[in-house]
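Worksheet for the structure shown next.
Only the coordinates and a few stated rules stand behind these numbers; no lab work does. The structure displayed is predicted, hence computed values, not measured ones. Glycine gets a Cβ as well: all are built from the backbone with ideal geometry, and neighbour counts include every protein chain shown.
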Amino acid sequence: SLRPKKFDAAILLQNAIEAAIIALAAGIGVRAGYNSDGRGFLLTHPVRRTANILRVHQIDYYLEMVKALGCADVDRALHLETRLSTATSREILHKYLPENNRPLIGIAPGATYGPAKRWLPERFAQAGESLAKILNAQVLLFGGGDDRETAELVRGQAQTDMINLAGRASLPDSVYLISQCRLFLSNDSGLMHVAGGLNIPTVAIFGSTNPVTTSPAGERTMLVRKETPCSPCLKKTCPTDFRCMTAVTVEDVVAAALTLLNGTAGPRPDNQKS
């Protein structure tokens, strides 16, 4: 199905040999990727997977493939934009939000890799509740279908009203709603990168994963992480006492959020803009 499309080049982000075989079989003339899994001879532009390259941010890791094609001066910044008509924007806001014109706080309490990446639901609830009171804001809970139960735990333990959009709002709708948030709280997850790319003030909570390689790339982001001997372990589930996450307090996250917001008005929902 790829060969009829006559692609000129393929940048193989996947490290498996199967990706290189597929690209070759599709007749793609230029094939760049890491020479892992014994596939170097299948690539026209192989990149050595050295020990040093495994210690850099994933943005830089993947940009090495682009550089192999001769694109040396590459902007590593992540910039996302939402380009919707006024009618579509209003339709999304009306579909999910009450007509109260309050600022929005987004929370993404899930993480697909495993529970070791997830801060405690009750602490997300407490942090969201505290910040909602300070900012007089409406809290939105984001995530996919697999995150809905976790988001519901957060909502159920909060003393303030939170709207659970996990598994309910589509990804495009979620991206637009995140773009309207004044603040975003998240584990190390895809939505964390979305919020950072949208330049939304984002507090990223890290435990089992390595911020050197997967921290959000946005300019208005702040990491909350506690140094522990076993972190980053990169495990799906914690085999011990989950200390890397239990050590992160509600006060830590609230303080980081307020520091981020200091001196920044942040975006408001479109139905509040003058």
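Any idea what the relative contact order of the range 33-147 is, in percent, if you count C-alpha pairs under 8 Å spaced at least 6 apart? Present the calculation step by step, with values, prior to reporting the outcome.
On the way: 84 pairs, mean separation 22.1, N = 115.
After rounding, I find 19 percent.
Run down the lysines and flag those whose C-alpha is under 23 Å from the C-alpha of Lys117, throwing out any fewer than 8 positions away in its chain.
Counting by Cα, and skipping residues close in sequence, Lys117 has these lysines nearby: Lys226, Lys235, Lys236.
To test your reading of the geometry: what angle, between 0 and 90 degrees and rounded to tens, separates the Cα axis of helix 250-261 from the longest principal axis of the chain?
Helix 250-261 sits roughly 80 degrees off the main axis of the chain.
Using θ = phi - 60° and the Karplus curve 6.51 cos²θ - 1.76 cosθ + 1.60, what whole-Hz ³J(HN,Hα) does each residue of the range 223-235 get, with Gly and Pro shown as x?
Once rounded to whole Hz, the list reads 8, 10, 8, 10, 5, 9, x, 9, 10, x, 9, 6, 8.
What list of ³J(HN,Hα) couplings, whole Hz, do you get for the range 35-50 from phi and the Karplus terms 6.51, -1.76, 1.60, once you set θ to phi - 60° and write x for glycine and proline?
My calculation for the range 35-50 gives 7, 7, 6, x, 9, x, 5, 8, 9, 7, 9, x, 10, 5, 9, 7 Hz in order.
Ignoring everything except DSSP H segments at least 4 long, calculate the 222 nm mean residue ellipticity for the chain; use -39,500 (n - 2.57) per segment, divide by total residues, nearest 500. Walk me through the numbers on the way to the answer.
On the way: 10 runs with 93 residues, N = 274.
So the calculated ellipticity at 222 nm is -9500 deg cm²/dmol.
What number, in percent, do you get for the relative contact order of the range 3-68 if the mean sequence gap of Cα pairs under 8 Å and at least 6 apart is divided by its residue count? If you can, show how the numbers build up before the last one.
Working: 101 pairs, mean separation 18.8, N = 66.
It comes to 29 percent, rounded to a whole number.
From Cα pairs below 8 angstrom and at least 6 apart in sequence, can you work out the relative contact order of the chain, rounded to a whole percent? Let's see the in-between values first.
Values: 505 pairs, mean separation 45.3, N = 274.
Value for the chain: 17 percent.
Using only Cα atoms, tell me the angle between helix 58-68 and the longest principal axis of the chain; keep it within 0 to 90° and round to the nearest 10.
30 degrees
Please work out the C-alpha center-to-center distance from the range 177-197 to the range 240-261 and express it in whole Å.
17 Å
If each residue's Cβ is checked for other Cβ atoms within 10 Å, how do Glu99, Glu152 rank with the fewest at the top?
Values: Glu99 7, Glu152 17.
Least crowded to most crowded, the residues run Glu99, Glu152.
Once the mean 1/r over all distinct Cα pairs of the range 86-272 is inverted, what Kirkwood radius in angstroms do you read off? Intermediate results must be reported in sequence, preceding the final value.
On the way: mean 1/r = 0.0615 Å⁻¹.
That comes to 16.3 Å for the range 86-272.
Enumerate the lysines that Lys5 could reach by cross-link, defined here as Cα to Cα under 25 Å, with residues fewer than 8 away along the same chain left out.
Straight-distance partners of Lys5: Lys67.
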